[in-house]
Amino acid sequence: MARCFGPLLPFTVGAVRNLGGANLETSPAYVIRHSIGASGPSPADCHNVPREGFEVKPIIIAGGGLAGSEAAWQLAARGVPVTLYEMRPTHSTPAHKTGQLAELVCSNSLKSNAPGAASWLLKEELRRAGSLLLRSADSCAVPGGSALAVDRERFSEEVTTALAAHPLIELRREELSEIPNDGPVLVATGPLTSDSLAHSLRRLTGAEHLAFYDSISPIVDAETLNMDRIFRASRYGKGGEDYLNCPINEEEYRAFYDALMNAETVQAHEFEDANYFEACLPIEELARRGYDTLRFGPMRPVGLADPRTRRRPFAVVQLRSENLRFSSYNLVGFQNHLKFPEQKRILRLIPGLERAEFLRFGQIHRNTYINAPVLLSPDLSLRSTPQVFIAGQLSGVEGYVECIATGLLAGIAMAHRLAGDAYAPPPRTTALGSLVHYVTHADPRNYQPANIAFDLLPPLEDLPRAIARDRQARRARQCDRALADLDHWLRESCQLASHPAGQATTDHGLRTTDVLHG
């Protein structure tokens, strides 16, 4: 029997599917969904969709970022009405520039799209599970070497259009300042959760939030770059010539390093604790750790050779295109907390950027997340208040794709809950399952946000000696196992995408081992 939370609305599931007299299959949302390639069984065919004749109260989602947008789509695609709260553009944040849903505020890269990489595996699992945002990212891709980089404006516009047009999604441009207690709600408000909602969540969980700083890289106008000092290449030749590279000799590096070490930074507020996330450190913090730290980090020259000297530079700054027009580029890994005039002065010391005009300066902003291992169940609901779900960076994942993943899983879990069906997260052997396992089982005494990585997945046992010693072959086997187990889980959950079991959407039916080993 389908389960309902809170007061019932005056319509049934049958009425929802024919909302306003319009059949869903002819609605704009249905057309948009199929035009971007989203696939999967009809919600009516799935056992975890609310049954005909049962009244359904809309699920409330706070936050129209990556996690909230994906969750809204997953619920609506299963016939569940959603009320999506997004306070922008009425109330913006220091990091956001638009009022669009699913805005990418830091980099425009969703990391590696090369078969066999951990981030590729997570994206491939999301594609198979019918993720709206991954389909949109694929359709808005710009050259990024082996990475999936997107035109951030087109991406957010496409997601916003799809969600706003769906007849089961009501978009409210206002702040949800208090967590409701009369029905299911997903809180996916991200690292800049408003003070009022943060206080509401703190009262609900009885636990203090943890705060650290997240970072944004600068963006430069392409027309102001000195291409006489810059060469095009990707590391080790992977991905063609998708990156611009500013080669730096030892004398130039010393001048840059000295200027950075003496630069004026923005002072933190008294209530902010500068507890940086290790994978997203500002460049001035890296510089403080040693003279060569930057050269082994964002300025590493490995895999690159200046075609003019045919030698590897002492250091390199890479620039990645922001859009298909190649009108702007971001400085890869150059997030910082410097004052804006200092940024202009110091970054112009980089060869090729002598006269660069900055469309956006680097910034640091507070990030907030809960102690998920203490507070969350495997379905991403609060142990103490099961009708409240948490997804995105607020749950303690780091990275665009990881946020999308938790939104997708929370949406599926909430649909199961609403229908009264048992829910089990994806197997531990999958990237999706390992991510949830980390969030809900990590050591709560030293909990830090995590990106997907192979060390989150369980190792393979009893491998042939040759494969056990070959990291690439070993990881290919892990990917094959993960995708096979995910396909089984999707079939069990009645959410199998259109791609046959065992086939990856990016390799035309070949297994990961086939792609990596011919």
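The values are calculated or read from the model by the stated rules, or taken from the named source; none is laboratory data. Keep in mind the model is a prediction, meaning the values are calculated, not measured. Reconstructed Cβ throughout: ideal geometry from the backbone, glycine too, with neighbour counts over all protein chains shown. Remember, those area values only see protein heavy atoms, side chains included, never the ligands or the DNA or RNA. Shrake-Rupley method; radii C 1.70, N 1.55, O 1.52, S 1.80 Å.
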Packing-wise, with mean Cβ within 10 Å as the measure, how do 132-143, 169-180 rank, highest first? 132-143, 169-180
Determine the sum of side-chain charges near residue 173: Lys and Arg each +1, Asp and Glu each -1, restricted to other residues whose C-beta is under 10 angstrom from that of residue 173. -1
What are the equivalent ellipsoid semi-axes of the stretch 274-333, built from the alpha-carbon gyration tensor (square roots of five times its eigenvalues), in whole angstrom, biggest first? 23, 19, 7
Trypsin sites (Lys or Arg not before Pro) in the stretch 364-433 lying in a DSSP loop, each with at most 11 other Cβ atoms within 10 Å of its Cβ, come to 383
Per-residue counts of other Cβ atoms within 10 Å, averaged by peptide: what ranking do you get for 63-74, 476-487, highest first? 63-74, 476-487
Tally up the carbon and sulfur contribution to the accessible surface of the stretch 297-381 as a whole percent, 1.4 Å probe, everything protein left in place. 53 percent
Over the stretch 151-190, give the accessible area per residue in Å² for a 1.4 Å probe, as an integer. 41 Å²
For the pair residue 325 and residue 203, what calculated FRET efficiency results from E = 1/(1 + (r/R0)^6), where r is the Cβ-Cβ distance and R0 = 41 Å, to the nearest 0.05? 0.30
Most packed first (mean Cβ within 10 Å per residue), the peptides 403-415, 334-346 order as 403-415, 334-346
Label points 7 Å out from Cα along the Cβ direction at residue 90 and residue 232: separation in nm? 4.6 nm
